[in-house]
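The values are calculated or read from the model by the stated rules, or taken from the named source; none is laboratory data. These figures come from a predicted structure and were not determined experimentally. Cβ sites come from the backbone with ideal geometry, for glycine too, and all protein chains shown count toward neighbours.
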Amino acid sequence: MGYKKAKIYFLSGTGNSYRVAAWLHEACGSKGITSEIIPINIANPKEEIEASPDNLIVLAYPTHGLLPPWSAVKFIFKMPFKKGAHIFCVPTRGCFRLGPLVVPGMAGIASMLPAIILPFKGYHPRGSVSFDMPANMISLHSRLSDKNIQRILTNAKRKADKFYQRLLSGKPVWFTLNNLWEYFWGILLLVFYPLFPIAYLLLGRFFMGKMMFANNNCIGCGVCAKSCPNGAIVMKGKENPLPYWRYNCEHCLRCMNYCQQKAVEAGHSWAIILYFIWVWGYPLTAYIFKFAADYFPQINYIKNWFTLVIVHAIYLYPAYIIAYFVFFNLIRIKPLNRIFTYTTITHFYRRYNEPETTLKDLLNKKQ
Ligand SMILES: Cc1cc2nc3c(=O)[nH]c(=O)nc-3n(C[C@H](O)[C@H](O)[C@H](O)COP(=O)(O)O)c2cc1C
Ligand code: SF4
Ligand code: SF4
């Protein structure tokens with residue numbers, strides 16, 4: 001049994017997940033299957049998805065903290081109920097190569113989540129395959145060398161040719177070595193560190209989003225704001241507009257890696273200040289409990305680690321929003337901006353985007 005049509009939905013910060021989606025699009029073309037690549041932020045799944053075993057639905061997205069990014073999870077929840085529609089997921093993960101040493105990425109829960117959620121909506125999962133693509137977390141490390149990027153991409157393409165043929169001829173892709181590796185780590189994570197993905201979703205990505213700022217090279221063109229898949233950047237200021245990162249940034253790093261002026265930084269010295277704002281929240285939270293308990297002794301009955309975390313979060317979100325607002329106004333002063341820029345390692349890192357993927361590719365549908 002083969003397919004007649006395929007809808008390939010993708011989310012991609014730096015082009016890796018777009019590339020694996022494009023490879024599938026090409027494979028469909030060579031088999032005479034009509035396919036479409038659709039960025040999830042402009043998709044309308046209720047109108048687009050048809051329930052038929054002739055049609056294949058594919059989701060391609062990066063792994064963030066061993067999970068799909070939050071906007072991909074929201075998209076999965078937004079997908080309509082469709083009995084019998086075939087679904088396949090393609091998470092990409094960050095691979096490092098240092099000479100002969102290859103460090104594969106790990107997608108963990110990202111490779112399983114749609115297959116767990118979507119059967120409740122009537123879908124028929126056909127498996128998953130996660131691809132090692134060049135690691136893109138430029139807020140932590142510099143871009144890999146061109147040679148290593150090419151080697152990783154060549155291996156990924158070889159893998160795509162093999163698994164896409166299998167998938168498009170109608171065979172499921174479940175018990176491969178790749179998937180057993182992913183399921184092993186995913187289940188281990190869920191059993192031993194179930195709080196890790198929750199902490200990443202609630203706090204980690206919020207923290208990383210609030211690290212971002214534009215250095216003095218910014219010309220205020222607004223390309224970063226227009227191309228953010230989450231609408232997480234607003235340009236502030238009439239005379240001298242600068243990008244302002246909002247709470248819904250998912251740290252996909254599109255803005256950082258596609259800015260032509262190399263103006264977007266993930267502030268490391270600023271992150272140290274954010275870290276202290278975070279840590280000071282714990283004694284503050286304990287003090288709030290102690291103070292409140294003097295007046296309402298019943299509070300001692302509900303004082304446990306869970307309520308401490310909740311009160312800490314109630315402090316943390318507004319504290320970060322206020323701190324970021326102050327920071328944003330400070331970096332408008334050029335000498336201060338220069339201090340934060342030169343104490344930020346990303347200023348010295350090379351940027352990365354998948355070599356053949358343009359910003360235009362990431363923004364539009366392709367048939
Ligand atoms: C915030 C963030 C978190 C990441 N977490 C992981 C991870 O948990 N495991 C992994 O293998 N790669 C991780 N990566 C690497 C990316 O998933 C990988 O490079 C992916 O191919 C990027 O795809 P894109 O260009 O389509 O956004 C992370 C990258 C970022 C920016
Ligand atoms: S950060 Fe880059 S893309 Fe964004 S406004 Fe400034 S120059 Fe333009
Ligand atoms: S603001 Fe930048 S890093 Fe954040 S979601 Fe948008 S493009 Fe990605």
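Results for (1) surrounded by fewer than 20 Cβ atoms within 10 Å (Cβ to Cβ); (2) modelled with pLDDT of 90 or more, shown as yes or no for each residue.
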{"residue": "Pro68", "(1), (2)": "no, yes"}
{"residue": "Lys74", "(1), (2)": "yes, yes"}
{"residue": "Pro100", "(1), (2)": "yes, no"}
{"residue": "Pro119", "(1), (2)": "yes, yes"}
{"residue": "Pro172", "(1), (2)": "yes, no"}
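Scanning segment 237-281 for residues that are more than 7 Å from ligand 3 (Cβ to nearest atom) and touching a helix residue (DSSP H, G or I) at 6+ places or on another chain (Cβ under 7 Å) yields a count of 16. Taking each residue of segment 291-313 that is in a helix (DSSP H, G or I) and looking for partners that are hydroxyl-bearing (Ser, Thr, Tyr) with beta-carbon atoms closer than 8 Å, six or more apart or interchain, yields Leu308/Tyr282; Leu308/Thr285; Val311/Thr285; His312/Tyr282; His312/Thr285. Within the bounds of segment 146-159, is there any residue that is in contact with a His (Cβ under 7 Å, 6 or more places away or on another chain) and not aromatic (Phe, Trp, Tyr)? No, the conditions are met nowhere in segment 146-159.
Within segment 186-202, the set of residues being hydrophobic (A, V, I, L, M, F, W, C) and either within 16 Å of ligand 3 (Cβ to nearest atom) or over 19 Å from the mean Cα position of the chain (by Cα) (or both) comprises Ile187, Leu188, Leu190, Val191, Phe192, Leu201.
Criterion first (among the charged types (D, E, K, R), away from ligand 1 (no atom under 16 Å from the Cβ), in contact (Cβ under 8 Å) with a residue 60 or more places away in the chain and in the same structural domain as Ser128 (by TED's automatic domain parsing)) does Lys31 satisfy it?
yes
Let's see how each residue does on (1) more than 16 Å from Asn353 (Cβ to Cβ); (2) surrounded by fewer than 17 Cβ atoms within 10 Å (Cβ to Cβ); (3) at pLDDT below 95:
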position	(1), (2), (3)
Ala232	yes, no, no
Lys236	yes, yes, no
Arg254	no, no, no
Asn257	no, no, no
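Applying the selection to segment 206-225, what residues are near ligand 3 (Cβ under 10 Å from one of its atoms), closer than 21 Å to Thr357 by Cα and not small (Gly, Ala, Ser)? Correct list: Cys224 only.
Which one is modelled with the lowest pLDDT among residues in segment 241-252 that are more than 15 Å from Ser139 (Cβ to Cβ) and assigned to a loop (DSSP other than H, G, I, E, B)? So, considering only residues that are more than 15 Å from Ser139 (Cβ to Cβ) and assigned to a loop (DSSP other than H, G, I, E, B), the one modelled with the lowest pLDDT is Tyr247.
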